[in-house]
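Peer 1: Sharing a structure, written as structure tokens. Questions coming.
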Amino acid sequence: MADGDTPVTMSDVARLAGVSTATVSRVVNGRYGVSASTIAQVRSAIERLGYESSLVATSLRRSRTNVLGLVTHSFQSYTAEVLKGVMEALSQSGFDLIIYANSDLYGTYSEGWEQRHLTRLSGTLTDGCIVVTPWGEVRSSTPVVVIDPVRDSTVPSVTADNLAGATQVVEHLLGLGHRRIGFIAGRSSLAAAWSREEGYRRALAEAGVPADPTLIGRGDFNPESAIPLARALLERPDRPTAIFAASDGMALKVLEVAKELGLDVPGDLSVVGFDNIPESALAEPALTTVDQSMYRLGYEAAHMLKSLVTGDWEGPRQILLPTRLVARGSTAPPKVTATSKIATRA
């Protein structure tokens with residue numbers, strides 16, 4: 001048995017457990033063909049000796065670590081729902097998951113954060129990574145799948161049909177009779193944000209309603225960024241009768257600002273978000289939104305990544321998932337006022 005100054009080896013574990021080194025290896029690496037009683041015996045020896053199978057050492061002994069990474073700037077409801085799908089896809093797959101995130105929840109984004117994280121994880125710790133909503137194009141020596149990539153990205157990715165979802169939102173509001181529809185955009189570098197704004201503009205144009213640039217505010221998907229933008233829209237004398245925010249987090253802040261200003265939703269103002277995070281259904285009133293199936297985004301990304309790692313992927317490298325409008329209590333026909341009558345005639 002190893003003394004106190006010598007690292008514990010797999011052979012030490014095998015001797016104490018009374019099994020072969022190959023059996024210990026199978027237990028440590030989660031391989032089949034070992035009885036439950038033998039597994040318990042080996043694990044007991046591992047605990048008694050304090051043996052640790054280093055991920056770095058393991059990566060040097062074989063071609064893969066069987067560990068995947070998920071890189072995200074912060075954990076919000078969106079990321080949590082994505083993670084559920086990732087974990088389901090990796091269940092029983094033989095792959096473990098490392099989650100790498102900044103410590104601040106709504107902190108200031110710093111350019112290049114995702115690339116720094118990838119550099120730390122790729123190669124020695126993980127076989128590949130999922131990157132959630134990066135600020136720029138990412139590069140890695142191991143496979144990468146991006147959820148919500150930047151515009152014109154060539155990296156394997158999974159994203160929702162944001163253009164169709166945003167178009168549905170505006171068509172819904174137009175169908176209710178709204179013509180002055182404000183829009184709070186997301187971070188412009190992301191393909192999702194660009195597509196949602198394009199859907200907003202396209203639906204207005206197809207209805208013959210000019211897009212008023214003064215009704216468009218530019219946020220960054222950080223919920224707090226929507227507060228001054230919503231206040232600016234709602235404090236103007238010709239305020240919009242509806243606001244479409246490019247994420248539920250921002251839309252929930254619009255509801256808060258409307259309440260502070262004494263506006264009734266949906267009586268004085270209709271509000272729509274995008275994502276369908278759990279909080280949207282719990283808002284007062286419940287938020288009309290677009291369901292982009294964040295769970296499925298995570299599931300499909302993890303499925304693609306593990307297949308890229310094993311060399312089994314034969315599908316498209318860019319996956320587009322469908323969206324659907326979820327109409328709830330935050331939208332209704334606009335009140336007929338002198339201002340709205342003038343806007344409608346115009």
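Peer 1: Identify the residue in the stretch 119-146 that is among the small types (Gly, Ala, Ser) and outside any loop (DSSP other than H, G, I, E, B) and, among all such residues, is farthest from residue 66 (Cα to Cα). Don't jump to the end; show me each part of the working.
Peer 2: As a first pass, look at the stretch 119-146 and keep what is among the small types (Gly, Ala, Ser): 122-123, 128, 136, 140-141.
Remaining after also requiring outside any loop (DSSP other than H, G, I, E, B): 122, 128.
On the way: 122: 12, 128: 9 Å.
The qualifying residue farthest from residue 66 (Cα to Cα) is 122.
Peer 1: What is the residue count in the stretch 215-243 for residues that are within 19 Å of residue 331 (Cβ to Cβ) and either within 20 Å of the chain's Cα centre (by Cα) or without any contact (Cβ under 8 Å) to a residue 12 or more places away in the chain (or both)?
Peer 2: Final tally of qualifying residues: 1.
Peer 1: Another question about this same structure. Quick one: residue 187 ticks every box in (1) surrounded by fewer than 21 Cβ atoms within 10 Å (Cβ to Cβ); (2) more than 20 Å from residue 236 (Cα to Cα); (3) among the basic types (Lys, Arg) bar one, so which box is it?
Peer 2: Going through (1) surrounded by fewer than 21 Cβ atoms within 10 Å (Cβ to Cβ); (2) more than 20 Å from residue 236 (Cα to Cα); (3) among the basic types (Lys, Arg) one by one, residue 187 breaks only (1).
Peer 1: Which of the residues spanning the stretch 254-267 are open to solvent by less than 40 Å² (accessible area, probe 1.4 Å) and out of contact with any strand residue (DSSP E or B) (no Cβ under 9 Å at 6 or more places or on another chain)? Steps first, please.
Peer 2: Residues of the stretch 254-267 open to solvent by less than 40 Å² (accessible area, probe 1.4 Å): 254-255, 257-258, 263, 265-267.
Correct list: 257, 263, 267.
Peer 1: Looking at the stretch 235-248, which of its residues are farther than 15 Å from residue 219 by Cα and surrounded by 17 or more Cβ atoms within 10 Å (Cβ to Cβ)?
Peer 2: As a first pass, look at the stretch 235-248 and keep what is farther than 15 Å from residue 219 by Cα: 235-242.
Matches in the stretch 235-248: 239, 240, 241, 242.
Peer 1: To continue, here is another question. Could you tell me which numbered condition residue 298 fails, if it satisfies all but one of (1) open to solvent by less than 10 Å² (accessible area, probe 1.4 Å); (2) under 19 Å from residue 164 (Cα atoms); (3) touching a residue at least 40 places away in the same chain (Cβ under 8 Å)?
Peer 2: The one condition residue 298 does not meet is (2).
Peer 1: Right, next: Which residues, taken from the stretch 55-76, are at pLDDT 75 or above and open to solvent by less than 30 Å² (accessible area, probe 1.4 Å)?
Peer 2: Kept after step one, since they are at pLDDT 75 or above, are these residues of the stretch 55-76: 65-76.
Within the stretch 55-76, 65, 67, 68, 69, 70, 71, 72, 73, 74 qualify.
Peer 1: Give just the number: which of (1) modelled with pLDDT of 90 or more; (2) out of contact with any Pro (no Cβ under 6 Å at 6 or more places or on another chain) does residue 128 not satisfy?
Peer 2: (2)
Peer 1: Among (1) farther than 30 Å from residue 303 by Cβ; (2) buried (at least 19 other Cβ atoms within 10 Å of the Cβ); (3) among the acidic types (Asp, Glu), there is one condition residue 197 misses while meeting the rest; what is its number?
Peer 2: (1)
Peer 1: Provide a single number: the residues in the stretch 134-149 that are at pLDDT below 90 and either within 18 Å of the chain's Cα centre (by Cα) or buried (at least 22 other Cβ atoms within 10 Å of the Cβ) (or both).
Peer 2: From the stretch 134-149, those at pLDDT below 90 are 134-142; that's our starting set.
Imposing the further condition that a residue be either within 18 Å of the chain's Cα centre (by Cα) or buried (at least 22 other Cβ atoms within 10 Å of the Cβ) (or both) reduces the set to 134-138.
Total satisfying the criteria: 5.
Peer 1: May I ask you to say which residue of 232, 251 is part of a helix (DSSP H, G or I) and either open to solvent by 50 Å² or more (accessible area, probe 1.4 Å) or among the aromatic types (Phe, Trp, Tyr) (or both)?
Peer 2: 232
Peer 1: Next up: Report yes if some residue within the stretch 1-23 is modelled with pLDDT under 70 and under 30 Å from residue 115 (Cα atoms); otherwise report no.
Peer 2: no
Peer 1: Among the residues of the stretch 269-293 satisfying the criterion of being out of contact with any Leu (no Cβ under 9 Å at 6 or more places or on another chain) and not in a strand (DSSP E or B), which is surrounded by the fewest Cβ atoms within 10 Å (Cβ to Cβ)? Full working, then the answer.
Peer 2: As a first pass, look at the stretch 269-293 and keep what is out of contact with any Leu (no Cβ under 9 Å at 6 or more places or on another chain): 274-275, 278, 282, 286.
Checking the rest, the ones that are also not in a strand (DSSP E or B) come to 274, 278, 282, 286.
Working: 274: 32, 278: 12, 282: 10, 286: 14.
Filtering first and then ranking leaves 282.
Peer 1: So for the stretch 273-283 (the condition being polar (S, T, N, Q) and modelled with pLDDT of 95 or more), does at least one residue qualify?
Peer 2: Going through the stretch 273-283, the residues polar (S, T, N, Q) turn out to be 276, 280.
Imposing the further condition that a residue be modelled with pLDDT of 95 or more reduces the set to 276, 280.
Checked against the condition, which is being polar (S, T, N, Q) and modelled with pLDDT of 95 or more, the stretch 273-283 yields at least one hit.
Peer 1: A further question on this structure: How many of the residues making up the stretch 319-346 are more than 25 Å from residue 279 (Cβ to Cβ), at pLDDT 95 or above and surrounded by fewer than 16 Cβ atoms within 10 Å (Cβ to Cβ)?
Peer 2: So the count comes out to 2.
Peer 1: Of the residues that make up the stretch 281-290, is at least one in contact (Cβ under 8 Å) with a residue 60 or more places away in the chain and within 20 Å of the chain's Cα centre (by Cα)? If you could, list the steps in order and put the result at the bottom.
Peer 2: The first filter runs over the stretch 281-290 and keeps only residues in contact (Cβ under 8 Å) with a residue 60 or more places away in the chain, leaving 288, 290.
Next cut, within 20 Å of the chain's Cα centre (by Cα) only: 288, 290.
Yes, the stretch 281-290 contains at least one residue that is in contact (Cβ under 8 Å) with a residue 60 or more places away in the chain and within 20 Å of the chain's Cα centre (by Cα).
Peer 1: Inside the stretch 180-211, can you point out the residues that are among the basic types (Lys, Arg), more than 19 Å from residue 289 (Cβ to Cβ) and not in a helix (DSSP H, G or I)?
Peer 2: Within the stretch 180-211, just 180 meets the criteria.
Peer 1: Next question. Name the residue, out of 88, 52, that is farther than 19 Å from residue 129 by Cβ, open to solvent by 50 Å² or more (accessible area, probe 1.4 Å) and either acidic (Asp, Glu) or modelled with pLDDT of 85 or more (or both). Lay out the reasoning, then the answer.
Peer 2: Details: 88 fails: farther than 19 Å from residue 129 by Cβ.
Going through 88, 52 in turn, the sole match is 52.
Peer 1: Specify which of the listed residues (161, 220, 212, 152) is touching a Leu at 6+ places or on another chain (Cβ under 6 Å) and acidic (Asp, Glu). Spell out the reasoning first.
Peer 2: Working: 220 fails: touching a Leu at 6+ places or on another chain (Cβ under 6 Å); 212 fails: touching a Leu at 6+ places or on another chain (Cβ under 6 Å); 152 fails: touching a Leu at 6+ places or on another chain (Cβ under 6 Å).
Selected residue: 161, the only one of 161, 220, 212, 152 that is touching a Leu at 6+ places or on another chain (Cβ under 6 Å) and acidic (Asp, Glu).
Peer 1: Which residue, of 243, 227, is in a strand (DSSP E or B) and modelled with pLDDT of 95 or more? Break it down into steps so the answer makes sense when it comes.
Peer 2: Values: 227 fails: in a strand (DSSP E or B).
Testing whether each residue is in a strand (DSSP E or B) and modelled with pLDDT of 95 or more leaves just 243.
The values are calculated or read from the model by the stated rules, or taken from the named source; none is laboratory data. Since the model is a prediction, treat every value here as computed from it, not as a measurement. Using ideal geometry, Cβ is built from the backbone for each residue, glycine included, and neighbour counts are taken over all protein chains shown. Ligands, DNA and RNA are stripped out before the accessible areas are found, and what is left, the full protein with its side chains, is counted by its heavy atoms. Shrake-Rupley method; radii C 1.70, N 1.55, O 1.52, S 1.80 Å.
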